[in-house]
Protein chains: 2
Amino acid sequence: MNSAFDDLSMNEEEENSNERMARRFHIDEEGPVAYKSKNLVAERKRRQKLSDRLLELRSLVPIITNMNKATIIIDAIRYVGELQKCVGDLSNQLLQMEAASVEEPKMQIDAINAAEEMKKWGIEPEVKVTQIDGYKLWIKLVYEKKRGGFTRLMETMSVLGYEFTDTSVTTSKGAFVITACLEGINGGMLEAEQIRELLLEITRSM
Amino acid sequence: MNSAFDDLSMNEEEENSNERMARRFHIDEEGPVAYKSKNLVAERKRRQKLSDRLLELRSLVPIITNMNKATIIIDAIRYVGELQKCVGDLSNQLLQMEAASVEEPKMQIDAINAAEEMKKWGIEPEVKVTQIDGYKLWIKLVYEKKRGGFTRLMETMSVLGYEFTDTSVTTSKGAFVITACLEGINGGMLEAEQIRELLLEITRSM
DNA sequence: GTTGACACGTGAGGC
DNA sequence: TGCCTCACGTGTCAA
């Protein structure tokens, strides 16, 4: 029996099965033990809730090195990192596959023209991401105009759970200029920096 | 209140409680400021480590409802769930796309899918043009989503001397929904009705 | 004997 | 006021 988690694994069982609790009180006074704090039961409940949450979190993480509270969190951290990286890789792969399957030689000429014109006017590609609040982002994009680029952008962000609001799009001198508000539909799962890198990769892969 | 410790101190009478009593014996009425335990600092370090891990975990989760320890874990749990679902969806899409990429007329399938989905949801293609003043128009477009459609639209209007301002673009249920202000760069050479027919032709030819 | 991990009760401080 | 959250020092058990 792993006694370290005897309290955690105890569910809706009466808690006086825990002997340590009873044993720790001085019995030098007769009668029931008098507690000084009324906070006792609340604190007990709080601790149990936290432990339950920790166990719940642990149940989501597949790889477990230890049952320790600290290692549970460590494993969760690593797992979240892996998941995030996995999401990025997958969406990139998806993107590349889409790009490869749509490719046509005629569009490349267009792209070259766009690139030349951008250079001629001294327009630099640009990706700017600003966090407005937890699930809202403001982005500004400047990149080479290419057919289907905007659709691809919207599709990718939609897959990642982001919606475009307050969008403004302009093409000028071979460049696409986009400013928009990104709103995370289910809370926004990525950091601004991650979004930025993703957008960079999208605009670059076109 | 039923205390959990009313009679439990008596129902266990094993002999090793003697040594516990002996161990506890030197704990008398405590001195003024004398720490009894040697593992005080160790415990302190352990607590701090756990808190740091919790904070580190929190830094990975984008949506934060509260700084509480419990809510940090709750948010992490929900976030992990979202990520897992996201990975599942993405890999599904990737798989589906791999299967679809074996066929050659892929873009047509996309178009057919979009058309079907629009029909399923009862979405009708729509072109609305309203003159605001001599060189300003407001347009609303609903048409089948197709790769490069938006870019083509912008290019055409640009050639005709119109610029997009205050553009809003959304894709939903296989449809492209666009509302925008068209501003004639050199005064606006076309009437609203002509623009409407032109837009109809563009959306139809895609 | 030592070390690490845990739950416990308690007081402080925030809303 | 009272409830809630936290850090603290401590006792207990296992490796």
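The values are calculated or read from the model by the stated rules, or taken from the named source; none is laboratory data. Keep in mind that this is a model prediction, so the values were computed, not measured. Cβ placement follows ideal geometry from the backbone for every residue including glycine, while neighbour counts extend to all protein chains displayed.
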Flag for B:Ser3 being surrounded by 12 or more Cβ atoms within 10 Å (Cβ to Cβ), more than 13 Å from DNA strand D (Cβ to nearest atom), modelled with pLDDT of 60 or more and at the interface with chain A (Cβ under 8 Å from one of its Cβ atoms):
no
With the checklist (1) modelled with pLDDT of 80 or more; (2) hydrophobic (A, V, I, L, M, F, W, C); (3) more than 8 Å from DNA strand D (Cβ to nearest atom) in hand, flag the one item B:Val102 doesn't pass.
(1)
Single residue of the stretch A:59-68 satisfying the filter (more than 10 Å from chain B (Cβ to nearest Cβ) and surrounded by 10 or more Cβ atoms within 10 Å (Cβ to Cβ)) that is nearest to B:Leu83 (Cα to Cα)
A:Ile64
If I go through the stretch B:148-178 residue by residue, how many of them are surrounded by fewer than 17 Cβ atoms within 10 Å (Cβ to Cβ) and in a helix (DSSP H, G or I)?
4
For the stretch B:57-80, enumerate the residues that are more than 16 Å from DNA strand C (Cβ to nearest atom) and part of a helix (DSSP H, G or I).
B:Arg58, B:Ser59, B:Leu60, B:Ile72, B:Ile74, B:Asp75, B:Ala76, B:Ile77, B:Arg78, B:Tyr79, B:Val80
Does any residue of the stretch A:43-63 turn out to be in contact with a Phe, Trp or Tyr (Cβ under 6 Å, 6 or more places away or on another chain) and away from DNA strand D (no atom under 15 Å from the Cβ)?
yes
